[in-house]
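The values are calculated or read from the model by the stated rules, or taken from the named source; none is laboratory data. Please read all numbers here as calculations on a predicted model, not as lab measurements. Because the Cβ atoms are built from the backbone with ideal geometry, glycine has one as well, and the counts that use them run over all protein chains shown. Just the protein is used for accessible areas: all its heavy atoms, side chains included, with ligands, DNA and RNA removed. Shrake-Rupley method; radii C 1.70, N 1.55, O 1.52, S 1.80 Å.
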Amino acid sequence: MKSPTNAPKRWLYIMPIIFITYSLAYLDRANFSFASAAGINDDLGITKGISSLLGALFFLGYFFFQIPGALYAERRSVRKLIFICLILWGACASLTGMVSNIPMLAAIRFILGVVEAAVMPAMLIYISNWFTQSERSRANTFLILGNPVTVLWMSIVSGYLIQAFGWREMFIFEGIPAIIWAFCWWVLVKDKPSQATWLAESEKAALQAELEREQAGIKAVRNYSEAFRSRNVILLCMQYFAWSIGVYGFVLWLPSIIHSGSASLSMVDVGWLSSVPYLAATIAMIVVSWASDKMHNRKLFVWPLLLIGALAFIGSWAVGPNHFWVSYTLLVIAGAAMYAPYGPFFAIIPEMLPRNVSGGAMALINSMGALGSFFGSWFVGYLNGLTGSPSSSFIFMGVALLASVWLTLIVKPANQQVMPAGAQHQA
């Protein structure tokens with residue numbers, strides 16, 4: 001009998017749903033970068049310092065509500081949680097286009113972070129309920145592909161929307177799809193394989209047996225307190241904090257960096273150029289996740305790529321502002337290298353900790369990433385405004401990535417893993 005743990009129908013049914021959902025979440029957080037480049041600061045009287053803080057406020061809300069969202073998803077229902085979040089974040093995103101002052105904008109950015117906080121850990125928990133260890137890096141990657149793929153097309157669409165209408169209409173139009181998709185999500189999604197009507201009973205049983213077999217090979221952890229105090233979880237929190245500084249300093253300020261690098265570029269030009277790093281990232285993520293699952297080695301597909309990203313940022317600084325196209329090419333490399341390791345990285349925790357605590361641990365790590373994102377997006381914007389050039393921020397992001405490389409290297413492999421016959425795994 002063909003192993004149902006490898007049933008193509010799970011991939012064909014679940015992954016498009018996961019991809020679309022995370023894509024819409026990412027759309028409504030990343031389009032602020034285009035509003036910043038397109039005149040929201042002038043229209044609302046926002047200084048450069050306040051602008052960097054507003055861009056980062058999202059991540060402050062995101063930081064505080066990661067773990068509560070993960071606990072609800074783990075103990076109650078991913079389906080219900082994401083349904084509510086989709087409606088709320090779509091509404092907040094559209095309301096951003098209607099703000100008339102800075103306090104209103106600050107409140108909406110913070111609330112948007114709160115309602116999107118549960119999305120990432122909830123989706124990782126959902127994946128761990130449906131995909132086995134040998135599939136998880138690829139499944140995580142298809143989830144996180146919603147990030148670069150969304151920024152890719154959003155960069156182009158947002159450029160056209162702003163040029164045709166303005167930044168307000170861009171926010172309003174781009175918030176509506178999340179609300180519509182919420183009802184599609186509710187109809188299509190089930191929390192566990194046992195609830196699905198589109199899987200045969202034999203497939204459900206075999207998948208459940210494989211997931212239980214994997215759990216039997218992981219060292220027991222009594223509670224969240226024990227998990228959160230473990231050396232590896234602490235190191236991964238620090239690693240993801242440093243990594244996220246580079247990623248979100250890049251994501252939120254790339255359009256502004258490109259726009260300031262060449263005065264002859266229109267917003268449509270900026271949109272097209274901003275999309276290229278995410279096209280490269282999409283290809284890199286697919287290749288890296290496949291190789292990680294094939295070799296059953298996670299760390300090997302994390303730290304070398306982050307090192308490449310760090311060197312690309314430092315190289316972009318060394319080239320200087322007078323060589324726009326060389327600097328831009330290095331930024332493309334940095335973007336691709338920073339995104340490529342996401343799938344293997346988020347496969348580490350479910351293979352290191354048992355199911356009763358892995359969701360909370362992933363939420364803790366992701367919340368530290370949110371804190372790094374807040375600091376990175378704020379400080380990169382601050383440096384750009386202070387110096388009038390992105391050069392200092394390139395050094396800052398490069399150093400942050402070098403720190404994440406070192407922290408990845410000192411994470412110890414899990415004590416015991418259960419892998420397919422003949423495979424050796426190293427976390």
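Taking the criterion of being out of contact with any Gly (no Cβ under 7 Å at 6 or more places or on another chain) and not β-branched (Val, Ile, Thr), the residues of region 35-48 that qualify are ALA35, ALA37, ALA38, GLY39, ASN41, ASP42, ASP43, LEU44, GLY45. ILE283 satisfies every condition listed in (1) open to solvent by 30 Å² or more (accessible area, probe 1.4 Å); (2) free of Cβ contacts under 8 Å to residues at least 12 places away in the same chain except (2). Within region 311-355, being open to solvent by 30 Å² or more (accessible area, probe 1.4 Å), in a helix (DSSP H, G or I) and touching a residue at least 12 places away in the same chain (Cβ under 8 Å) holds for LEU311, ILE314, TRP317, PHE324, LEU330, ILE333, ARG355. Per this entry, LEU161 is counted among residues that are closer than 27 Å to VAL270 by Cβ, free of Cβ contacts under 8 Å to residues at least 60 places away in the same chain and over 20 Å from the mean Cα position of the chain (by Cα). Selection of helices (runs of 4 or more DSSP H) fully inside region 167-247 by the criterion of at least 2 residues being within 25 Å of ARG10 (Cα to Cα), open to solvent by less than 60 Å² (accessible area, probe 1.4 Å) and in contact with a Ser or Thr (Cβ under 9 Å, 6 or more places away or on another chain) returns 167-188, 201-216. Taking every residue in region 77-89 that is surrounded by 21 or more Cβ atoms within 10 Å (Cβ to Cβ) and pairing it with any residue that is part of a helix (DSSP H, G or I) and among the polar types (S, T, N, Q), at least 6 positions away or on another chain, the pairs with Cβ-Cβ distances below 9 Å are VAL78/ASN129; ILE82/THR21; LEU86/THR21. Name the single residue that is modelled with the lowest pLDDT among those in region 40-64 being open to solvent by 40 Å² or more (accessible area, probe 1.4 Å) and assigned to a helix (DSSP H, G or I). In this case the residue turns out to be LYS48.
Put simply, of LEU371, LEU407 the only residue that is under 24 Å from ASN31 (Cβ atoms) and touching a residue at least 24 places away in the same chain (Cβ under 8 Å) is LEU371.
Before we move on, is TRP317 touching a Ser or Thr at 6+ places or on another chain (Cβ under 8 Å) and under 21 Å from SER155 (Cα atoms)? Against the criterion (touching a Ser or Thr at 6+ places or on another chain (Cβ under 8 Å) and under 21 Å from SER155 (Cα atoms)), TRP317 does not qualify. Of ILE111, ILE156, all but one fail to be of a type in the set (Val, Ile, Thr), touching a residue at least 12 places away in the same chain (Cβ under 8 Å) and touching a Cys at 6+ places or on another chain (Cβ under 9 Å); the exception is ILE111.
I need the full set of residues from region 70-95 which are among the hydroxyl-bearing types (Ser, Thr, Tyr), assigned to a helix (DSSP H, G or I) and either touching a Pro at 6+ places or on another chain (Cβ under 9 Å) or closer than 18 Å to ARG355 by Cβ (or both), in order please. Quick ask: steps written out before the conclusion?
First, pick out the residues of region 70-95 that are among the hydroxyl-bearing types (Ser, Thr, Tyr): 72, 77, 94.
In the following step, the residues that additionally are assigned to a helix (DSSP H, G or I) were identified as 72, 94.
Within region 70-95, TYR72 is the sole residue that qualifies.
Of all the listed residues (MET1, MET98), the sole one being modelled with pLDDT under 85 and outside any helix (DSSP H, G or I) is MET1. Would you call GLY159 more than 15 Å from SER274 (Cβ to Cβ) and in a helix (DSSP H, G or I)? In short, no. Does TRP11 qualify as being part of a helix (DSSP H, G or I), open to solvent by less than 10 Å² (accessible area, probe 1.4 Å), of a type in the set (Phe, Trp, Tyr) and modelled with pLDDT of 85 or more? When the stated conditions are applied, TRP11 does not pass them. Taken as a whole, the condition of being over 25 Å from ALA205 (Cα atoms), in a helix (DSSP H, G or I) and at pLDDT 85 or above does not apply to ILE67.
Could you tell me whether region 287-310 includes any residue that is small (Gly, Ala, Ser), touching a residue at least 24 places away in the same chain (Cβ under 8 Å) and open to solvent by 10 Å² or more (accessible area, probe 1.4 Å)? Looking through region 287-310, none of the residues is small (Gly, Ala, Ser), touching a residue at least 24 places away in the same chain (Cβ under 8 Å) and open to solvent by 10 Å² or more (accessible area, probe 1.4 Å).
Summed over region 14-32, residues that are modelled with pLDDT of 80 or more, buried (at least 19 other Cβ atoms within 10 Å of the Cβ) and in contact with a Gly (Cβ under 9 Å, 6 or more places away or on another chain) total 6.
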